[in-house]
Amino acid sequence: MSRKILITNDDGVDAGGIRRLAEAAADLGEVWVVAPSGQCSALSHSITLRHSIEVHPYDLGIENVHAFSCSGTPGDCVRVGALSVMPYKPDVVLSGINYGYNLATDIQYSATAGAAFEAEFQGFHAIALSEGAVDCHEVTDRYLKEILEELIDEKYIPGQMINVNFPGCPLKECNGILRDRKVSRREYYKDHYNVLREFSDGGMELMVEGVHEPVSEENTDYGAMITHHVSIGRVCNIH
């Protein structure tokens, strides 16, 4: 029986990453895409409770892929996709491919990871996939199908989703795949806030800025990106 695959992301239904993921997954089963109508990064595992959600057909231009845009969050997309849009439950939920790594402490903010956590919470095998925020996709394109084939039929384990990150480097600089990576306790970006304006009442307008200061670290997702490896890890659902 053909696999039933549900795909979402947090960059929006028109993002290049979700298109590339859907194209790869289409060779592995029946693909349904339910993704946000706009950018939803850093919304974590949030869902919509006090407003209605709209879902509309969306033409991805990929043969045999059923696609829909959703006004809600990535978590909403998993819920409405699995509970209302698809005529049957998915065998696996794929979230991504995110533009920018989701690893280390950033996982707690990531809506890419949040959607995978929601899928796990609903009882589905879930895989989150992310890559460097660059225009070079050589490593992802080389390993994506291979990794999907490796992971897609893994048994659902309650409380766990799989997190994959592809380094944003040329293929010739990639050093292969590292499996069973732990989630680093480090910050991939060290954040601070810049003051844009000061108000007469003593208030301020602030804008966050993250600075990447790489530090070598073995056996973690963070360390794998530093050494230009594809990272595969299993992450516990803390929700």
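The values are calculated or read from the model by the stated rules, or taken from the named source; none is laboratory data. None of the values given here were measured: they were computed from a predicted structure. All Cβ positions, even for glycine, are placed from backbone atoms using ideal geometry, and neighbour counts span all protein chains on display.
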Counted residues in the range 127-152 being part of a loop (DSSP other than H, G, I, E, B) and either touching a strand residue (DSSP E or B) at 6+ places or on another chain (Cβ under 6 Å) or touching a residue at least 24 places away in the same chain (Cβ under 8 Å) (or both) come to 6
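Table: residues versus (1) under 21 Å from GLY223 (Cα atoms); (2) buried (at least 23 other Cβ atoms within 10 Å of the Cβ).
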residue	(1), (2)
ILE62	no, no
VAL78	no, yes
PRO87	no, no
ASP91	no, no
ILE97	yes, yes
ASN102	yes, yes
PHE121	no, no
THR140	yes, yes
Checklist entry - Hey, any hits in the range 193-201 for a residue that's closer than 23 Å to CYS136 by Cα and of a type outside the set (A, V, I, L, M)? => result no
Could we say that THR227 is among the hydroxyl-bearing types (Ser, Thr, Tyr), over 22 Å from VAL31 (Cα atoms) and at pLDDT 95 or above here? yes
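Yes/no matrix, rows are residues, columns are (1) farther than 21 Å from VAL134 by Cβ; (2) basic (Lys, Arg):
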{"site": "ARG19", "(1), (2)": "no, yes"}
{"site": "GLU23", "(1), (2)": "no, no"}
{"site": "ALA26", "(1), (2)": "yes, no"}
{"site": "ARG50", "(1), (2)": "yes, yes"}
{"site": "MET86", "(1), (2)": "yes, no"}
{"site": "ILE97", "(1), (2)": "no, no"}
{"site": "ILE107", "(1), (2)": "no, no"}
{"site": "SER110", "(1), (2)": "no, no"}
Among residues of the range 34-54 being among the hydrophobic types (A, V, I, L, M, F, W, C) and in contact (Cβ under 8 Å) with a residue 40 or more places away in the chain, the residue farthest from GLY114 (Cα to Cα) is VAL34
Selection from the range 30-52 of residues farther than 22 Å from ASN102 by Cβ and surrounded by fewer than 17 Cβ atoms within 10 Å (Cβ to Cβ) yields LEU49, ARG50, HIS51, SER52
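Would you check if LYS182 is closer than 23 Å to ILE127 by Cβ and surrounded by fewer than 11 Cβ atoms within 10 Å (Cβ to Cβ)?
On the way: closer than 23 Å to ILE127 by Cβ: yes; surrounded by fewer than 11 Cβ atoms within 10 Å (Cβ to Cβ): no.
No; evaluated as a whole, the condition is false for this residue.
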When you look at GLU209, is it closer than 30 Å to LEU144 by Cβ, surrounded by fewer than 16 Cβ atoms within 10 Å (Cβ to Cβ) and at pLDDT 90 or above, yes or no? no
Picking from LEU178, LEU151, the residue that is modelled with pLDDT of 95 or more and farther than 19 Å from TYR222 by Cα would be LEU151
Residue set ALA82, ALA67, ALA111, ALA119; condition within 29 Å of LYS190 (Cβ to Cβ) and hydrophobic (A, V, I, L, M, F, W, C); output residue ALA111
Being within 16 Å of the chain's Cα centre (by Cα) and under 20 Å from LEU148 (Cα atoms) narrows ALA22, ALA26 down to just ALA22
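Rundown of residues vs (1) hydrophobic (A, V, I, L, M, F, W, C); (2) out of contact with any strand residue (DSSP E or B) (no Cβ under 7 Å at 6 or more places or on another chain); (3) within 16 Å of HIS228 (Cα to Cα); (4) modelled with pLDDT of 95 or more, yes/no style:
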| residue | (1), (2), (3), (4) |
| --- | --- |
| PHE166 | yes, no, yes, yes |
| LYS172 | no, yes, yes, yes |
| GLU187 | no, yes, no, no |
| LYS190 | no, no, no, no |
| LEU196 | yes, no, no, yes |
